[in-house]
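Comments concern the structure below.
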Amino acid sequence: MRVTNAMVLRSTLLDLNQSLSRLRASQADLSTGRVIRKMSDDPTRATDAVVIRGDLRRAEQRSRTAADAESRLRLTDSALVSGLDLLTRAKELTVRASNGGVSDPAGRAAIATEMSAIRDEMLSIANTTYLDRPIFNGTAAGAAYDSSSGAYLGNGAAVIREVAAGTTIAANITGEQVFGTQAGPTGDMFAVLERLSTAIAAGDLTSIAAEHVNLDDATGRLSAATAEIGSRAARLDGIRVRASASEADLRERLSTIEDTDLAEGLLGVQANENAYTAALQAASRVMPVSLLDFLR
Amino acid sequence: MANISGLYTALSGMQAHRRVLDTTAHNLANQATPGFHRQRVELRAAGLGVTAGVFAGTDNALLGVTTPGVQRLLDQYAEQRATREYAAQAGTQTLQTNLDRIESTFREPSDDGLAAQLDAFWAGWSDVSTHPDDLGARTQLLERAQGVIDALRGASTDLDAVEQSARVEVDAIAADINDLAAQIADLNSSIVATGGTANDLLDRRDLLVNQLAELSGAVARPSALGAVDVLIGGRAIVTGTTSQTVDTSGGVVTWTIDGAAVNAGPSRLQALNQTIGDIVPKYRAALDGVAATLVTEVNTLHSGGYDLSGATGRDFFDPAGLSAATIGLSGDVAGQPAQIAAGAPVLPGPTPPGPLDGELAREIAAIADRATGPDSEYRSLVSTLGAQVSDATRRNSVQAQVALNAATAADSVGGVSVDEEMANLIAAQRAYEASARVLTTVDEMLGVLMRTGVVGR
């Protein structure tokens, strides 16, 4: 084939241009740290990257939600445990009063006063708040219990938190589950404590004995609630551990897809730089030569 | 007699090779001129014709050399192929540029594209679900919704801009087509006037045809007396010395005569038509689909929910804004975070929901995970776009190579080679010198003859 100067020039230019653009691409791989910078770099893998990025962002959001659920459950648990302590004390007092060991009215009055104080303290535990929101009132607004009458103001709704993809957990337990319903024949825990206090003050041993049974029931309910909250917290813990493991896994996959392998990137730059330098040298040798150089 | 004619034979050699030298100089001077093809002087021995006649001698047939003309050397087939491939490459290049612009509108994969905005929006719902009574969380949700709205509207505006600049480019191309067609027709008439032998005019016309081909995919067809007809999509825009014109309005090119659309071949015009008529509408429709799904799915749930004051039946997004350009918040919630419905209509169990219920917000946040929600529609949009851009880039780089090969093939016949011209230069120089030498010799011989005459008298 006949070769002309314009041909040499044109193909040299295109080759140099391609060589330089490869060098630029591998340099960008290194300087941005990413091999996939836009969708067209590798449509299939870039689509994976978009999906994984979305999954990651949602996983982060769920982990925030799960952290909120965990704080709630922990606060609920500690409230219930203090409630149990109070009930233990109430039981001690009841036993002391029912044994007839306290026969003088002043002693009974002291026990009755303490019992009444326990009831009030229990009521304030029932109104424990998390971020200004009572934890035992379901989804109702305002306080869970009326602080003087002890009437339940909440509802029986569950506070649902999505803590992992497709996994929800109830982050609350309602006042009625913990303290009993007021509608029942024996009323809730506050009614029991109040009646106990009255009975002790009056020295009514029959009533005290009857309320003792009710107090045991209330204690049983409270322990059951504590156990339930504890097991939920344990479940949530497991979910969070798994979630953070899968989040780490997602990050690793994203990095495998998107990020530049440093060694590979450096080699790429080196190889493309060599190729470009060689192309430039070859061009500088070939292009200026013509028969003119050899004619007198 | 023979001696005198020898003088003229030598002269014809000197004249012919002077012309060869001139042509070589012309070739060298034009070696970088776009569209130039090397020229070669045709040399023909002039002694072949023996005139039959009474006084015709037998030895006066050696009349030296004549130059019947100067030829343009080119491979017509290779030239046409180069024209076609360069036109196609102008098209693939234009297409790639436009697709690149569209791709840069959707910055994916990244942490600030629409996918991230949507995820932030869903996270906002999730936060409202966690703290339904927190006006801060609700306000933040409104901000994030505005972020999604801005991203959708921005993408829509960018698509409009791509389309608009394509239309402006088409208008400019139509003007260029008319201009080039008129120039080609003019050159046709000049060429016909010179009998089709004006090499440099031919080169100029071929160059204009190439430019017209890059714009519109035009093809040239030789016609009578050295003129060419130029056709776009099978219809003649130049016929001999007359040319047609095209009109344009808003990016559509039509024939002036009958208003029919110009059917461009692979070229910039075709690529722009494809951008305006196919690519931009396709991605705008996909983007509008994302917006419409987002509005519909959120509103369907939201209108069934309860806000902080227990009111229901409100839309979150403006139900009329079902496209990326018109999406907006509904008047009910814009600037009124308390009116965002976060509470579910009915909870499992007999208990009615309280005002601090966040179940509905949680359901709305879960739209993110739907297999056919706005997020998956958007992902399929960007993944389709990525595949198309990558395909267009590959096609363009292949076409660049094909065009280069075609140009190389054409160049290998028509291009100027400096080495070859130098060789021709030396050959012509030597031939000129030799002819001059003959002239001197004949002159000396005549001198001898003259002196002999003087002495003999």
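The values are calculated or read from the model by the stated rules, or taken from the named source; none is laboratory data. None of the values given here were measured: they were computed from a predicted structure. A quick note on method: Cβ atoms are made from the backbone with ideal geometry, for glycine too, and the neighbour counts reach across all protein chains shown.
Scanning region B:290-306 for any residue that is small (Gly, Ala, Ser), in a helix (DSSP H, G or I) and more than 14 Å from chain A (Cβ to nearest Cβ) turns up at least one such residue. Would you check which residues across region A:32-60 are away from every other protein chain (no Cβ under 11 Å) and in contact with a helix residue (DSSP H, G or I) (Cβ under 9 Å, 6 or more places away or on another chain) and list them? The answer is A:GLY33, A:VAL35. Would you check if B:PRO109 is within 13 Å of chain A (Cβ to nearest Cβ), surrounded by 24 or more Cβ atoms within 10 Å (Cβ to Cβ) and over 27 Å from A:PRO43 (Cβ atoms)? When the stated conditions are applied, B:PRO109 does not pass them.
Keeping to region A:1-36, report how many residues are in a helix (DSSP H, G or I) and either of a type in the set (A, V, I, L, M) or within 24 Å of B:VAL418 (Cβ to Cβ) (or both).
Summing the residues that are in a helix (DSSP H, G or I) and either of a type in the set (A, V, I, L, M) or within 24 Å of B:VAL418 (Cβ to Cβ) (or both) in region A:1-36 gives 18.
Filtering region A:127-140 to residues that are within 12 Å of chain B (Cβ to nearest Cβ), of a type outside the set (Asp, Glu) and part of a loop (DSSP other than H, G, I, E, B) leaves A:LEU131, A:ILE135, A:ASN137, A:GLY138, A:THR139, A:ALA140. The residues of region B:187-215 that are in contact (Cβ under 8 Å) with a residue 24 or more places away in the chain, over 19 Å from B:PRO34 (Cβ atoms) and not hydroxyl-bearing (Ser, Thr, Tyr), listed by number, are B:ASN188, B:VAL192, B:GLY195, B:GLY196.
Selection of region B:17-32 for residues being of a type outside the set (Val, Ile, Thr), in contact with a helix residue (DSSP H, G or I) (Cβ under 8 Å, 6 or more places away or on another chain) and away from chain A (no Cβ under 13 Å) yields B:HIS17, B:ARG18, B:LEU21. Which of the residues spanning region B:178-198 are more than 20 Å from B:VAL219 (Cα to Cα) and surrounded by 21 or more Cβ atoms within 10 Å (Cβ to Cβ)? Selection gives nothing. Filtering B:ALA431, B:ALA392 for residues that are in a helix (DSSP H, G or I), more than 9 Å from chain A (Cβ to nearest Cβ) and either of a type in the set (Lys, Arg) or buried (at least 18 other Cβ atoms within 10 Å of the Cβ) (or both) leaves a single hit, B:ALA431.
Are any residues in region B:250-279 among the polar types (S, T, N, Q), touching a residue at least 12 places away in the same chain (Cβ under 8 Å) and closer than 28 Å to B:GLN96 by Cβ, and if so, which ones?
Listed by number, the residues that qualify are B:ASN263, B:SER267, B:GLN270, B:ASN273, B:GLN274, B:THR275.
You will find that of A:ARG242, A:ARG296, A:ARG285, A:ARG221, the residue that is at pLDDT below 95, within 30 Å of A:VAL178 (Cβ to Cβ) and exposed (fewer than 13 other Cβ atoms within 10 Å of the Cβ) is A:ARG242 and no other.
Among the residues in region A:62-80, are any of a type outside the set (A, V, I, L, M, F, W, C), within 30 Å of B:VAL382 (Cα to Cα) and surrounded by 21 or more Cβ atoms within 10 Å (Cβ to Cβ)? Checked against the condition, which is being of a type outside the set (A, V, I, L, M, F, W, C), within 30 Å of B:VAL382 (Cα to Cα) and surrounded by 21 or more Cβ atoms within 10 Å (Cβ to Cβ), region A:62-80 yields at least one hit. Here B:ALA423 meets each of (1) crowded, with 18+ Cβ neighbours inside 10 Å; (2) not in a loop (DSSP other than H, G, I, E, B) with one exception, condition (1).
Results for (1) under 33 Å from the mean Cα position of the chain (by Cα); (2) more than 13 Å from every other protein chain (Cβ to nearest Cβ); (3) of a type outside the set (S, T, N, Q), shown as yes or no for each residue.
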| site | (1), (2), (3) |
| --- | --- |
| B:GLY113 | yes, no, yes |
| B:ALA116 | no, no, yes |
| B:SER126 | no, no, no |
| B:LEU135 | no, no, yes |
| B:VAL148 | no, yes, yes |
| B:ALA175 | yes, yes, yes |
| B:ASN178 | yes, yes, no |
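Only one entry of A:THR198, A:THR219, A:THR181, A:THR206 meets the criterion of being over 30 Å from A:ALA46 (Cβ atoms) and not in a helix (DSSP H, G or I), and that entry is A:THR181. In this entry, B:VAL413 is excluded by the filter for residues that are at pLDDT 95 or above and touching a Lys or Arg at 6+ places or on another chain (Cβ under 9 Å). When A:SER71, A:SER124, A:SER63, A:SER82 are checked against the criterion of being away from chain B (no Cβ under 14 Å), among the small types (Gly, Ala, Ser) and in contact (Cβ under 8 Å) with a residue 40 or more places away in the chain, a single residue qualifies: A:SER82. Filter region A:1-21 for residues that are of a type in the set (D, E, K, R) and facing chain B (nearest Cβ under 9 Å) and give the result. Matches in region A:1-21: A:ARG2, A:ARG10.
Say we look at region A:141-175 and pick out the residues that are at the interface with another protein chain (Cβ under 8 Å from one of its Cβ atoms), small (Gly, Ala, Ser) and surrounded by fewer than 24 Cβ atoms within 10 Å (Cβ to Cβ); which of these is nearest to the chain's Cα centre (by Cα)? My answer is A:ALA165.
Of the residues that make up region B:311-320, is at least one touching a residue at least 60 places away in the same chain (Cβ under 8 Å) and farther than 23 Å from B:LEU159 by Cα? Yes, there is a match, as at least one residue in region B:311-320 is touching a residue at least 60 places away in the same chain (Cβ under 8 Å) and farther than 23 Å from B:LEU159 by Cα. Taking the numbered list (1) at the interface with chain A (Cβ under 10 Å from one of its Cβ atoms); (2) at pLDDT below 95 in turn, B:ALA338 passes all entries but (1). I'd like to check something: does region B:369-389 contain any residue that is facing chain A (nearest Cβ under 9 Å) and at pLDDT below 90? So far as region B:369-389 goes, yes, one or more of its residues are facing chain A (nearest Cβ under 9 Å) and at pLDDT below 90. Can you tell me which of B:LEU202, B:LEU207 is buried (at least 19 other Cβ atoms within 10 Å of the Cβ) and under 39 Å from the mean Cα position of the chain (by Cα)? Every option except B:LEU202 fails the conditions. With the structure loaded, tell me whether B:LEU159 is more than 15 Å from the chain's Cα centre (by Cα), buried (at least 19 other Cβ atoms within 10 Å of the Cβ), of a type in the set (A, V, I, L, M, F, W, C) and away from chain A (no Cβ under 14 Å) or whether it fails that test. When the stated conditions are applied, B:LEU159 passes them. Among the conditions (1) under 27 Å from A:TYR130 (Cα atoms); (2) surrounded by fewer than 18 Cβ atoms within 10 Å (Cβ to Cβ); (3) modelled with pLDDT of 90 or more, the only one that A:THR181 does not satisfy is (3).
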